[in-house]
Ligand code: GLA
């Protein structure tokens, strides 16, 4: 069957570009289907909320905004299966065909985040139970139990019916499972399954008692079914295992639907789910191991757009599958769920779209197309109002669509590449979070604190799991690898011996895989390799002076008193006068090992000091920025591959900025054919390719 949703290729990208987008060149692309526009703009569309007579007008306006893609179906369970076992996909067939008529492809969402009332009324065991034993009710969403076999069966059946119906539809390019997995269940089935999970892992209760050190507070268990199910105020080993169980359960929850879809779907249709940045409810690497691509929902994390923080979350998503990804949802200027839902400034929606591409997204989809006539999200940002006519941000998205179409062919098959990596480790983040010791020690803020100077100076950072091979990186940072196994320690030592430059942040190497204290002081199995250790850690209520090779600055929130055991381990920074314990003690120590090095940073350093330390590390490792002399607030992203290299420059400032180029380049979205230097207006973007 030939596809009708894609615009004819020459309308989009021209003949020369067509040659470039031939199949083997698309390796880096997150998804592949015939005539795929290399960069896609999309929107969440809920046709079930509107009379069919209005669909065409909506789709017309989407096409005019260069929208290539709609995500439909998620949350529409009561429309797809109005009563048990009676499916109605006719409306969805017509919606997909109407979209295709406007050259718009479809991602189908399985509707399992919003079970219909008939289902949960007849089978109340499918409703989740919270930690306090309260069962959820109908009326919101995510009210289901992710462990309940009956719910799994219903989820399987609706996904299977959808796949039988749409699995070979040429206009359906992929599947989104459910929506933003988040809420675990604490009910009887979850409890039973947790116990079985523990039994499988530990074999005997004696083994569990040993690893969890349950003699403490008389926690000793005689049977697995005595073990409580909690996510707070418990033995740290139990808390960590609960999170791992939740991660495995979301994985099997995904597998249940994948098993229903895959046998009936064309291989070109990808399967993913949409995730939430740094959200730590489960281990993203575990869940992504069964998905085809990563897709995340990019809503800025504070009231103001912090481009470094946002960029970190893109890099995080790229690391879930170590390849390009999709932004499945992003805000059309504002949301409805913050304390103050102030809008992005005019120009920042486009800025964010290009930032996503710069960090490796191949699609940017807005949530949502049109205000729903009613429901919990009436105030949320949209592209067209409830009347179906454009709101002001529509024009900005239209510009994004035009530019993606123009620059797409030069970007097809490219990805960001980095010489430096930073590890995101869920076990460690959880372990710290369970016992922060200082409420201000937010593990994500700490990761971003290390990421910030690394990104600013190297202009390309991979955020990876601890299981990713390290050998491709010149610099590897572990901001707080609190939980460390001997095997990981061995891999890290091997990395340094082979010439890698390793940086360990505070709290590294304190725990083993069971969240028990390491028998050695921090950094545990890396202590003798480092030739130094943590003598004591301290939570700080005020800042402490530090000085040394990176000038004078301060530490706050956390400071570890380090000591040096080996003659060739050097003290780079010391604390000044503070609480007595820390006075004049080492704060940063380093040891060279062959051509590599291991550095331990024992404190949460101020940004200027951390920046100088980062500069030193990058210099030692021979990491150069992509483009030097770039004004502050201008972000440089490079995507390369298949003999192409494209620079994306984004001025995140509201004032204009100028960037000098080492040699003339073509601006793919600007008015000039060749430029020596780029004048970027406030929130301006340039997409540059080498001259032919
Ligand atoms: C999430 C959900 C969407 C919508 C948006 C609103 O990302 O996935 O359904 O509720 O938030 O910002």
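Output yes when any residue across segment 506-513 is surrounded by fewer than 19 Cβ atoms within 10 Å (Cβ to Cβ) and in contact (Cβ under 8 Å) with a residue 24 or more places away in the chain, and no when none is.
Looking through segment 506-513, at least one residue is surrounded by fewer than 19 Cβ atoms within 10 Å (Cβ to Cβ) and in contact (Cβ under 8 Å) with a residue 24 or more places away in the chain.
With the structure loaded, tell me whether residue 363 is within 16 Å of the ligand (Cβ to nearest atom), touching a residue at least 40 places away in the same chain (Cβ under 8 Å) and closer than 27 Å to residue 177 by Cβ or whether it fails that test.
Against the criterion (within 16 Å of the ligand (Cβ to nearest atom), touching a residue at least 40 places away in the same chain (Cβ under 8 Å) and closer than 27 Å to residue 177 by Cβ), residue 363 qualifies.
Go through segment 467-492 and report how many residues are under 13 Å from residue 447 (Cβ atoms) and part of a loop (DSSP other than H, G, I, E, B).
Result for segment 467-492: 4.
Could you list all residues from segment 335-351 that are surrounded by fewer than 24 Cβ atoms within 10 Å (Cβ to Cβ) and either within 15 Å of residue 640 (Cα to Cα) or within 15 Å of the ligand (Cβ to nearest atom) (or both)?
335, 336, 337, 338, 339, 340, 341, 342, 343, 344
Within segment 228-252, how many residues are part of a loop (DSSP other than H, G, I, E, B) and within 17 Å of residue 189 (Cβ to Cβ)?
Total satisfying the criteria: 4.
Can you spot a residue in segment 292-304 that is away from the ligand (no atom under 16 Å from the Cβ) and within 18 Å of residue 176 (Cα to Cα)?
First, the residues of segment 292-304 that are away from the ligand (no atom under 16 Å from the Cβ): 292-293, 304.
Those still in the list that are within 18 Å of residue 176 (Cα to Cα) too: 292-293.
Yes, because at least one residue in segment 292-304 is away from the ligand (no atom under 16 Å from the Cβ) and within 18 Å of residue 176 (Cα to Cα).
Return the residues of segment 516-532 that are buried (at least 24 other Cβ atoms within 10 Å of the Cβ) and either at pLDDT below 95 or touching a helix residue (DSSP H, G or I) at 6+ places or on another chain (Cβ under 9 Å) (or both); say none if nothing qualifies.
523, 524, 526
Condition (residue is part of a strand (DSSP E or B) and in contact with a helix residue (DSSP H, G or I) (Cβ under 7 Å, 6 or more places away or on another chain)) applied to segment 666-686: is it met by at least one residue?
Checking segment 666-686: at least one residue is part of a strand (DSSP E or B) and in contact with a helix residue (DSSP H, G or I) (Cβ under 7 Å, 6 or more places away or on another chain).
From the set of residues in segment 369-399 that are surrounded by 21 or more Cβ atoms within 10 Å (Cβ to Cβ) and in a loop (DSSP other than H, G, I, E, B), which is nearest to the ligand (Cβ to nearest atom)?
Going through the qualifying residues, I end up with 381.
Among the listed residues 108, 208, 119, identify the single one that is within 16 Å of the ligand (Cβ to nearest atom) and either touching a helix residue (DSSP H, G or I) at 6+ places or on another chain (Cβ under 8 Å) or in contact (Cβ under 8 Å) with a residue 40 or more places away in the chain (or both). If you could, list the steps in order and put the result at the bottom.
Values: 208 fails: within 16 Å of the ligand (Cβ to nearest atom); 119 fails: within 16 Å of the ligand (Cβ to nearest atom).
Of 108, 208, 119, the one residue that is within 16 Å of the ligand (Cβ to nearest atom) and either touching a helix residue (DSSP H, G or I) at 6+ places or on another chain (Cβ under 8 Å) or in contact (Cβ under 8 Å) with a residue 40 or more places away in the chain (or both) is 108.
Could we say that residue 354 is more than 14 Å from the ligand (Cβ to nearest atom), in contact (Cβ under 8 Å) with a residue 12 or more places away in the chain and in contact with a strand residue (DSSP E or B) (Cβ under 6 Å, 6 or more places away or on another chain) here?
Yes: the conditions hold for residue 354.
Tally time: how many residues in segment 138-188 are part of a loop (DSSP other than H, G, I, E, B), under 30 Å from residue 362 (Cβ atoms), within 16 Å of the ligand (Cβ to nearest atom) and touching a strand residue (DSSP E or B) at 6+ places or on another chain (Cβ under 9 Å)? Talk me through it step by step, then tell me what you get.
Taking segment 138-188 as the starting set, the residues that turn out to be part of a loop (DSSP other than H, G, I, E, B) are 139, 141-143, 145-148, 167-171, 177-187.
Okay, now just the ones that are also under 30 Å from residue 362 (Cβ atoms), so 141-142, 146, 167-171, 177-183.
Still in the list and also within 16 Å of the ligand (Cβ to nearest atom): 141-142, 177-183.
Cutting the leftovers down to touching a strand residue (DSSP E or B) at 6+ places or on another chain (Cβ under 9 Å) gives us 177-181, 183.
Of the residues in that region, 6 qualify.
I need every pair where a residue in segment 327-338 that is without any contact (Cβ under 8 Å) to a residue 40 or more places away in the chain and over 12 Å from residue 368 (Cβ atoms) has its Cβ under 7 Å from the Cβ of a residue that is more than 9 Å from the ligand (Cβ to nearest atom) and in a loop (DSSP other than H, G, I, E, B), sequence separation at least 6 or different chains.
338/303
Taking only segment 292-310 into account, find how many residues are part of a loop (DSSP other than H, G, I, E, B) and surrounded by fewer than 22 Cβ atoms within 10 Å (Cβ to Cβ).
9
Do you know which residues across segment 278-291 are under 25 Å from residue 341 (Cα atoms) and within 16 Å of the ligand (Cβ to nearest atom)?
278, 279, 281
With (1) assigned to a loop (DSSP other than H, G, I, E, B); (2) modelled with pLDDT of 95 or more; (3) out of contact with any helix residue (DSSP H, G or I) (no Cβ under 7 Å at 6 or more places or on another chain) as the list, and residue 495 as the residue in question, which single condition is left unmet?
(1)
List pairs: first residue in segment 69-81 and free of Cβ contacts under 8 Å to residues at least 60 places away in the same chain and more than 11 Å from residue 91 (Cα to Cα), second residue part of a strand (DSSP E or B) and more than 12 Å from the ligand (Cβ to nearest atom) anywhere in the structure, Cβ distance under 9 angstrom, at least six positions apart or on different chains.
That search, which allows pairs on different chains as well, returns 72/106; 72/107; 72/108.
Check residue 637 against each of (1) in a loop (DSSP other than H, G, I, E, B); (2) at pLDDT 95 or above and name the one condition it does not meet.
All conditions are met except number (1).
Every residue in segment 73-109 that is surrounded by fewer than 21 Cβ atoms within 10 Å (Cβ to Cβ) and part of a strand (DSSP E or B), please.
Of everything in segment 73-109, those that are surrounded by fewer than 21 Cβ atoms within 10 Å (Cβ to Cβ) and part of a strand (DSSP E or B) turn out to be 83, 86.
Could you tell me whether any residue of segment 318-328 is away from the ligand (no atom under 15 Å from the Cβ) and over 14 Å from the mean Cα position of the chain (by Cα)?
no
To keep it simple, each residue is scored yes or no on (1) touching a residue at least 40 places away in the same chain (Cβ under 8 Å); (2) closer than 18 Å to residue 449 by Cβ; (3) touching a helix residue (DSSP H, G or I) at 6+ places or on another chain (Cβ under 7 Å); (4) in a strand (DSSP E or B).
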site	(1), (2), (3), (4)
545	no, no, no, yes
554	yes, yes, no, yes
560	yes, yes, no, yes
574	no, no, no, yes
579	yes, no, no, no
598	yes, no, yes, yes
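Is it fair to say residue 474 is surrounded by 24 or more Cβ atoms within 10 Å (Cβ to Cβ) and in contact with a strand residue (DSSP E or B) (Cβ under 9 Å, 6 or more places away or on another chain)?
No; evaluated as a whole, the condition is false for this residue.
The values are calculated or read from the model by the stated rules, or taken from the named source; none is laboratory data. Note that the coordinates shown come from a computational prediction; the quantities given were computed from them, not determined experimentally. Positions of Cβ are backbone-derived with ideal geometry, glycine not excepted, and every protein chain shown enters the neighbour counts.
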